[in-house]
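Beneath this line is the structure, given in structure tokens, with notes to follow.
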Amino acid sequence: MTITMEFDAPYVAEQLRFLRKVKKLTQENVADACNLSTRTIEKIESGRHRPQDQTVRSLCRGLGMDQAYFAKPTPAEVERQKAAALKALRTTAVVPTKIVRSAQHLMAIFGDEHALQIDLASVDDETLELAATLADLLTDWGDIWSDMPVSGRLDAARSMAAVCTDLERAGYLVHMGTYRAQQRIELGKRIVFRVLVVSVRRRTESENLCFAIVNLGDGLELPPEDMSPLVSEAKPDDRRRSSELG
């Protein structure tokens, strides 16, 4: 079924306010993630200004949502859209991140994760080899971290911090954060694991960025205890419909 994109100002405002509440984001957070100004987000949420199509596309890219989320649906599409939105929120993690500049930072966050996600998409060709060196170190040390003495961990953290410093000299910042994801293996049973997110981004674009939005892979979702109450307390029939639609 084709959804007509009708970007009604009050509807877009309501959807954006709801999304911010669920993801626990400020207007400034949304502006940073979507490469828009805070004033633009304020105007959209006022409901008095119809956003341009390009602005809606920027919102969707930054927040990991489909444009249909902001399109005013026909009455027949309301329930389907609600179920799809709940599914998207259950499979999207808002990850608090910190800029890593020292061995102490690395010692505090690194080492007990079960999986590693590294984003080097923003790195140019000249700096890619240096960023790849950091990725290799994170992978290699992560495999043996639990078996290393504290002194060995400190030496490893110092070596990784040195690469972070070199990247900053090249104009990039290393952001790190963690989130938990779960995979259901059978009825009533699940596996919960911790994921370390590492993102190397241009300093000029990410110096004030304090979170990352991660779309979980197939078969993964946030543990109920890590979800917003607005999502985890959704009615059972809503959750069932979302599963059927997925």
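The values are calculated or read from the model by the stated rules, or taken from the named source; none is laboratory data. In this text, all values refer to a predicted model and were calculated from it rather than measured experimentally. Please note: Cβ atoms are built from the backbone with ideal geometry, for glycine as well, and neighbour counts cover all protein chains shown.
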(request) For segment 105-126, indicate whether the set of residues that are touching a His at 6+ places or on another chain (Cβ under 8 Å), at negative phi and not small (Gly, Ala, Ser) is non-empty. (result) no
(request) Determine whether segment 126-135 contains at least one residue that is touching a Gly at 6+ places or on another chain (Cβ under 8 Å) and not basic (Lys, Arg). (result) yes
(request) Considering only segment 164-179, state which residues are polar (S, T, N, Q) and at pLDDT 95 or above. (result) Thr165
(message) Out of everything in segment 76-121 that is at pLDDT 80 or above and among the polar types (S, T, N, Q), what residue ends up being surrounded by the most Cβ atoms within 10 Å (Cβ to Cβ)?
(response) Thr97
(message) Being farther than 24 Å from Tyr179 by Cβ and either under 24 Å from the mean Cα position of the chain (by Cα) or assigned to a loop (DSSP other than H, G, I, E, B) (or both) is the requirement here; does Leu128 meet it?
(response) yes
(message) Restricting to segment 76-112, give me the number of residues that are of a type outside the set (S, T, N, Q) and assigned to a loop (DSSP other than H, G, I, E, B).
(response) 5
(message) Within segment 187-246, considering only helices (runs of 4 or more DSSP H) that don't extend past its boundaries, which have at least 2 residues that are modelled with pLDDT of 85 or more and under 26 Å from Asp124 (Cα atoms)?
(response) 203-206
(request) Can you confirm whether segment 179-201 contains a residue that is under 21 Å from the mean Cα position of the chain (by Cα) and small (Gly, Ala, Ser)? (result) yes
(message) If I ask for residues that are part of a helix (DSSP H, G or I) and of a type in the set (Lys, Arg), which ones from segment 161-186 would you list?
(response) Arg169
(message) For segment 168-187, give me the residue count where each residue is of a type in the set (A, V, I, L, M, F, W, C) and in contact with a helix residue (DSSP H, G or I) (Cβ under 6 Å, 6 or more places away or on another chain).
(response) 4
(message) Under 6 Å between Cβ atoms, which residue pairs at least 6 apart in sequence (or on different chains) link something in segment 127-155 that is farther than 14 Å from Ala115 by Cα and free of Cβ contacts under 8 Å to residues at least 60 places away in the same chain with a partner that is among the charged types (D, E, K, R) and exposed (fewer than 14 other Cβ atoms within 10 Å of the Cβ)?
(response) none
(request) Could you tell me whether any residue of segment 34-55 is of a type in the set (Lys, Arg), touching a residue at least 60 places away in the same chain (Cβ under 8 Å) and outside the structural domain of Ser206 (by TED's automatic domain parsing)? (result) no
(request) Just name the residue that is surrounded by the fewest Cβ atoms within 10 Å (Cβ to Cβ) out of those in segment 48-75 that are closer than 30 Å to Arg203 by Cβ and hydroxyl-bearing (Ser, Thr, Tyr). (result) Ser58
(request) Restricting attention to helices (runs of 4 or more DSSP H) lying wholly within segment 1-75, give those where 2 or more residues are of a type in the set (S, T, N, Q) and closer than 25 Å to Thr91 by Cα. (result) 27-34, 53-63
